[in-house]
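The values are calculated or read from the model by the stated rules, or taken from the named source; none is laboratory data. Keep in mind it's a predicted model, so treat the numbers as computed, not measured. Backbone-built Cβ (ideal geometry, glycine too); neighbour counts: all protein chains shown.
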Amino acid sequence: MSDPLVSCLTVTYGRPLLLGEAVKCFLDQDYENKELIILNDQEGVTLKIDDCPDNIKIYNHPTRFNSLGEKRNYLTTLANGDYYCIWDDDDLYTFWRISASVEIFRKNKYVDIVKSKYALMSIDNQNYMMVANLFHSQACIGKKYMDKTEYPNKSVGEDIAFESGARIGSFDLNPYFWYVYRWGLNIHHLSGISDDKASWEKSVGFEPYTKVQGEVIIEPKFENDYWKDIGDFLETKSKKYANEWREKIKDLD
């Protein structure tokens with residue numbers, strides 16, 4: 001049986017360095033039949049990757065969408081997968097994220113979305129912690145559910161509404177977390193402002209974003225050795241977890 005196509009969905013705006021790290025996470029995946037679809041709607045900015053692989057597509061939309069929900073819905077129409085992995089531009093994904101998601105779906109045929117019960121979180125790329133949170137950003141979504149469900153036209157809580165009718169399977173993957181939620185990093189987080197319209201509009205004038213102009217080359221690389229840093233963090237929590245984590249990542253470049 002051939003492996004199903006997995007579409008990784010990235011909405012982005014004004015943070016090319018972080019996007020490069022998300023692309024690096026995609027390229028490092030141990031799952032072959034995959035595509036990364038990136039949707040940029042920062043007016044006046046064209047994102048490119050030199051020698052871009054065929055399974056990465058960047059769409060530079062000429063105008064700003066009205067909301068994050070509208071943007072996510074449009075992005076979905078550009079993908080072709082049997083499964084859809086949310087692949088946010090400011091977070092990190094381990095190299096087994098896609099393969100583990102597909103394996104869980106194959107064993108649990110009656111779920112619409114799979115997630116890990118636990119994720120890692122970092123503040124400004126340090127101060128790691130383990131959190132029990134079913135972030136939408138770490139969701140893998142089945143095609144049937146994606147085809148029949150739309151995000152509402154809003155920018156805060158659109159993920160909660162999208163998932164409200166789903167059968168969600170959450171699984172304990174310790175210590176093989178597949179997702180790192182990052183906070184801080186001098187970026188504007190939409191979820192940091194409860195008012196939906198204000199949150200969406202504030203990002204347009206956020207200074208680090210307004211400095212990004214013209215053609216921007218995305219470089220798929222890490223700024224830090226995150227996987228080693230996570231191993232060091234796990235050492236403070238559980239030597240067993242730390243040893244298993246290091247064994248898992250030992251063959252990475």
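Please indicate, with yes or no, whether at least one residue in the range 128-135 is under 19 Å from LEU9 (Cβ atoms), out of contact with any helix residue (DSSP H, G or I) (no Cβ under 7 Å at 6 or more places or on another chain), modelled with pLDDT of 95 or more and not hydroxyl-bearing (Ser, Thr, Tyr).
Scanning the range 128-135 turns up no residue that is under 19 Å from LEU9 (Cβ atoms), out of contact with any helix residue (DSSP H, G or I) (no Cβ under 7 Å at 6 or more places or on another chain), modelled with pLDDT of 95 or more and not hydroxyl-bearing (Ser, Thr, Tyr).
Among the residues of the range 188-211, is there at least one that is in contact (Cβ under 8 Å) with a residue 24 or more places away in the chain, over 21 Å from the mean Cα position of the chain (by Cα), assigned to a loop (DSSP other than H, G, I, E, B) and surrounded by 14 or more Cβ atoms within 10 Å (Cβ to Cβ)?
Yes, the conditions are met somewhere in the range 188-211.
Can you find a residue that is within 16 Å of ILE123 (Cα to Cα), under 20 Å from the mean Cα position of the chain (by Cα) and surrounded by 14 or more Cβ atoms within 10 Å (Cβ to Cβ) anywhere in the range 212-227? Working first, answer last.
First pass over the range 212-227, keeping only residues within 16 Å of ILE123 (Cα to Cα): 223-227.
Cutting the leftovers down to under 20 Å from the mean Cα position of the chain (by Cα) gives us 223-227.
Add one more test, that the residue is surrounded by 14 or more Cβ atoms within 10 Å (Cβ to Cβ), and what stays is 226-227.
Within the range 212-227, one or more residues are within 16 Å of ILE123 (Cα to Cα), under 20 Å from the mean Cα position of the chain (by Cα) and surrounded by 14 or more Cβ atoms within 10 Å (Cβ to Cβ).
Please identify the pairs in which a residue from the range 27-52 that is in contact (Cβ under 8 Å) with a residue 24 or more places away in the chain and within 14 Å of THR10 (Cβ to Cβ) has its Cβ atom under 8 Å from the Cβ atom of a residue that is in a loop (DSSP other than H, G, I, E, B) and among the small types (Gly, Ala, Ser), counting only partners at least 6 apart or on another chain.
GLU35/ALA79; GLU35/GLY81; ILE37/ALA79; GLN42/GLY14
May I ask you to list the residues in the range 37-86 that are in contact with a strand residue (DSSP E or B) (Cβ under 9 Å, 6 or more places away or on another chain), closer than 22 Å to GLY157 by Cβ and not β-branched (Val, Ile, Thr)?
If the condition is that a residue be in contact with a strand residue (DSSP E or B) (Cβ under 9 Å, 6 or more places away or on another chain), closer than 22 Å to GLY157 by Cβ and not β-branched (Val, Ile, Thr), then LEU39, ASP41, PHE65, LEU68, LYS71, ARG72, TYR74, LEU75, TYR84, CYS85 are the ones that fit.
Looking only at the range 113-129, how many residues end up being outside any loop (DSSP other than H, G, I, E, B) and within 16 Å of ASP90 (Cα to Cα)? Break it down stepwise before answering.
Applying the first criterion (outside any loop (DSSP other than H, G, I, E, B)) to the range 113-129 yields 113-116, 119-123, 126-129.
If we keep only those that are within 16 Å of ASP90 (Cα to Cα) as well, we get 119-123, 126, 128.
Number of matching residues: 7.
Return the only residue of TYR110, TYR93, TYR118 being at pLDDT below 95 and either among the aliphatic types (A, V, I, L, M) or in contact with a Phe, Trp or Tyr (Cβ under 8 Å, 6 or more places away or on another chain) (or both). Before you say what the answer is, go through the steps one by one.
Details: TYR110 fails: either among the aliphatic types (A, V, I, L, M) or in contact with a Phe, Trp or Tyr (Cβ under 8 Å, 6 or more places away or on another chain) (or both); TYR93 fails: at pLDDT below 95.
After ruling out the rest, the residue left standing is TYR118.
Give me the residue from the range 101-119 that is of a type in the set (A, V, I, L, M) and surrounded by fewer than 23 Cβ atoms within 10 Å (Cβ to Cβ) and, out of that set, farthest from the chain's Cα centre (by Cα). Quick ask: steps written out before the conclusion?
Residues of the range 101-119 that are of a type in the set (A, V, I, L, M), as a first pass: 102, 104, 111, 113-114, 119.
Within this subset, residues satisfying the condition of being surrounded by fewer than 23 Cβ atoms within 10 Å (Cβ to Cβ) are 102, 104, 111, 119.
Working: VAL102: 16, ILE104: 18, VAL111: 20, ALA119: 13 Å.
Ranking the candidates gives VAL111 first.
Can you pull out the residues in the range 93-103 that are out of contact with any helix residue (DSSP H, G or I) (no Cβ under 6 Å at 6 or more places or on another chain) and in contact (Cβ under 8 Å) with a residue 12 or more places away in the chain? If you could, list the steps in order and put the result at the bottom.
So the first thing to find is which residues in the range 93-103 are out of contact with any helix residue (DSSP H, G or I) (no Cβ under 6 Å at 6 or more places or on another chain), and the list is 94-103.
Selection gives THR94, PHE95, TRP96, ARG97, ILE98, SER99, ALA100, SER101, VAL102.
I'm trying to understand the selection: among the residues of the range 57-99, which are of a type outside the set (Phe, Trp, Tyr) and assigned to a helix (DSSP H, G or I)?
In the first step, residues of the range 57-99 are kept if they are of a type outside the set (Phe, Trp, Tyr); the result is 57-58, 60-64, 66-73, 75-82, 85-86, 88-92, 94, 97-99.
Residues satisfying the conditions are LEU68, GLY69, GLU70, LYS71, ARG72, ASN73, LEU75, THR76, THR77, ARG97, ILE98, SER99.
Of the residues that sit in the range 229-253 and are in a helix (DSSP H, G or I) and aliphatic (A, V, I, L, M), which one is nearest to the chain's Cα centre (by Cα)? Show your work before the answer.
Residues of the range 229-253 in a helix (DSSP H, G or I): 229-235, 239-249.
Checking which are aliphatic (A, V, I, L, M) leaves us with 230, 234, 242, 249.
Values: ILE230: 18, LEU234: 22, ALA242: 24, ILE249: 20 Å.
Among residues in the range 229-253 that are in a helix (DSSP H, G or I) and aliphatic (A, V, I, L, M), the one nearest to the chain's Cα centre (by Cα) is ILE230.
Please go through the range 10-56 and pick out each residue that is part of a strand (DSSP E or B) and either modelled with pLDDT under 95 or surrounded by fewer than 17 Cβ atoms within 10 Å (Cβ to Cβ) (or both).
Matches in the range 10-56: THR46, LYS48.
Just the residues that are more than 22 Å from LYS197 (Cα to Cα), of a type outside the set (Val, Ile, Thr), touching a residue at least 40 places away in the same chain (Cβ under 8 Å) and outside any loop (DSSP other than H, G, I, E, B), please, taken from the range 130-178.
Result: MET130, GLN138, CYS140, GLY142, LYS143, MET146, GLY169, SER170, PHE171.
Tell me which of these ASP159 doesn't satisfy, since it passes every other one: (1) touching a strand residue (DSSP E or B) at 6+ places or on another chain (Cβ under 8 Å); (2) modelled with pLDDT of 90 or more; (3) closer than 20 Å to PHE65 by Cα.
Unmet condition: (1).
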